[in-house]
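Here's the structure we're looking at; comments come further down.
Values in this text are rule-based calculations from the coordinates and carry no lab data. For clarity, every value in this text was computed on a predicted model and none was experimentally measured. Positions of Cβ are backbone-derived with ideal geometry, glycine not excepted, and every protein chain shown enters the neighbour counts.
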Amino acid sequence: MGRVAGKVAIVTGGAMGIGQACAELLAAEGAAVAVTDRESDAGGKVVDALVARGHRAIFLEHDVSLENRWQSVVDGVVKTYGKLDILVNNAGVGWFGDVEHTTIEDWHKLMGVNLDGVFLGIKHAIPAMRASGGGSIVNLSSIEGLVGDPGLAAYNASKGAVRLLTKSAALYCARGGMKIRVNSVHPGYIWTPMVRHALEASGNAAEMQRAIEALHPVGHLGEPNDIAYGVLYLASDESTFVTGSELVIDGGYTAQ
Ligand code: NAP
C-alpha cells in the first residue's frame, strides 16, 4: 500500500485490459488517477468502481491521436489535482496485416494511435511534469517492438518506434536536468479484449490461442496485472535511477 501515495497519474486507454489494471493498481497504491479512453461507458464504470472503493479518480474522454484533446486532458488533470506526476501511455490498437497487404489507410490509422498518441502524450506531459518538479512516463511498447512478426507489419513498426522514442525523450529530459524519467514496457501476449478480438477475428480462436501460448516458454498468456506491477514500479520512486530502459514482461517469449 502507498507505493505511489500522493502522486497524480493519467492512464490512457484505461477503460479495459492492461490500462484498467494499471489504473486500479495505481489507485490502490495511493495515486489520484485520471482514466482516459475513447470508450466513455466502460471508462466511466472503471472510475465509478474506484471512487466507490474510496479512491480519487476521474474519467476524461480522450482520443490520444488528437493533439487538442491532449492539451485539454493535461490541463483538466492539473486543474483537478494540482499537478501531474505519472503518465501511462497505454492506449493502443493492433491487428494482423503483412507488409504487402497492409493498406496505407490502415497503416496511418494504427500509427495515429500507437505512435502519434505516445508522442503527443510525452510532448504535453513534459511541461506539466516540469512544473510539478518531475515525473515518470511509461510507454506501452510490446515484444513486437523488439522482434519481428511477418503478420504484424504496422504494429511492429509502431511498437519499435515507441521503444526508441522513449529513449530519445528519456535523454532529452535527463540531459535537460528535468527529473522526468521515460521508460518502455514490453509485454508478451496478455489476455485482454485486444487479444480476444484478434483471436476471434482469426476464425479459429482455439487453435490460434494454443499456438500463441506455445510461443511463451511459461506455456500460457499473461494477465493484465502482470504488466500493471511493472508499470507501478516504473511509476514509483522505487525506480528513480531507471530511465530510457526497456522492461520486458513476456513469459520468456524474447529469451529464445
Ligand atoms: P485493449 O484491451 O484493446 O484496451 C485498450 C483500450 O485503449 C481500449 O479501451 C481502447 O478503446 C482504447 N483505445 C484505443 N484507441 C484509443 C485512442 N485512439 N484513444 C484513446 N483510447 C484508445 O488493449 P490491451 O491489450 O489492454 O493493450 C494495451 C496496450 O498494451 C496497447 O498499447 C497494446 O498495444 C499493448 N500491448 C498489449 C499486449 C497484449 O497482448 N494485450 C501485448 C503487448 C503490448 P477501443 O476499444 O475503442 O479501441
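Residues checked against (1) within 16 Å of the chain's Cα centre (by Cα); (2) farther than 21 Å from Glu29 by Cβ:
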position	(1), (2)
Phe59	no, no
Trp70	yes, yes
Lys83	no, no
Asn90	yes, no
Asp106	no, yes
Could you list all residues from the range 1-30 that are away from the ligand (no atom under 12 Å from the Cβ) and within 19 Å of Ile122 (Cβ to Cβ)? Lys7, Val8, Ala9, Leu26
Suppose the filter is away from the ligand (no atom under 12 Å from the Cβ), surrounded by 15 or more Cβ atoms within 10 Å (Cβ to Cβ), polar (S, T, N, Q) and not in a loop (DSSP other than H, G, I, E, B); does Thr166 pass it? yes
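Name the residues in the range 140-157 that are free of Cβ contacts under 8 Å to residues at least 60 places away in the same chain and either polar (S, T, N, Q) or within 10 Å of the ligand (Cβ to nearest atom) (or both), would you?
Keep residues of the range 140-157 that are free of Cβ contacts under 8 Å to residues at least 60 places away in the same chain, which gives 142, 144-145, 148-154, 156-157.
Matches in the range 140-157: Ser142, Glu144, Gly145, Asn156.
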Here the residues within the range 228-256 that are within 19 Å of the chain's Cα centre (by Cα) and among the hydrophobic types (A, V, I, L, M, F, W, C) are Ala228, Val231, Leu232, Leu234, Ala235, Val242, Leu247, Val248, Ile249
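What residue, of Leu60, Leu25, Leu66, is out of contact with any strand residue (DSSP E or B) (no Cβ under 6 Å at 6 or more places or on another chain), surrounded by 20 or more Cβ atoms within 10 Å (Cβ to Cβ) and hydrophobic (A, V, I, L, M, F, W, C)? Talk me through it step by step, then tell me what you get.
Details: Leu60 fails: out of contact with any strand residue (DSSP E or B) (no Cβ under 6 Å at 6 or more places or on another chain); Leu66 fails: surrounded by 20 or more Cβ atoms within 10 Å (Cβ to Cβ).
One residue alone meets the criteria, Leu25.
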Scan of the range 83-141 for residues that are more than 22 Å from Tyr233 (Cα to Cα) and among the acidic types (Asp, Glu), ordered by number: Asp98, Glu100, Glu105, Asp106, Asp116
Residues satisfying the stated conditions in the range 1-16, i.e. surrounded by 23 or more Cβ atoms within 10 Å (Cβ to Cβ) and under 17 Å from the mean Cα position of the chain (by Cα): Val8, Ala9, Ile10, Val11, Thr12, Gly13, Gly14, Ala15
Any pair with Cβ under 6 angstrom, 6 or more apart, that starts in the range 178-204 at a residue that is without any contact (Cβ under 8 Å) to a residue 60 or more places away in the chain and farther than 20 Å from Leu247 by Cβ and ends at one that is more than 7 Å from the ligand (Cβ to nearest atom) and not aromatic (Phe, Trp, Tyr): Met178/Arg130; Leu199/Ala205; Leu199/Met208; Leu199/Gln209
Of all residues being within 13 Å of the ligand (Cβ to nearest atom) and β-branched (Val, Ile, Thr) in the range 113-139, which is surrounded by the fewest Cβ atoms within 10 Å (Cβ to Cβ)? Just the residue, please. Val113
For the range 1-95, give me every one of the helices (runs of 4 or more DSSP H) that falls completely inside it and has 1 or more residues that are in contact with a Leu (Cβ under 6 Å, 6 or more places away or on another chain) and on the phi < 0 side of the Ramachandran plot. 17-28, 67-81
Among residues of the range 129-159 being among the β-branched types (Val, Ile, Thr) and within 13 Å of the chain's Cα centre (by Cα), the residue farthest from Trp107 (Cα to Cα) is Ile137
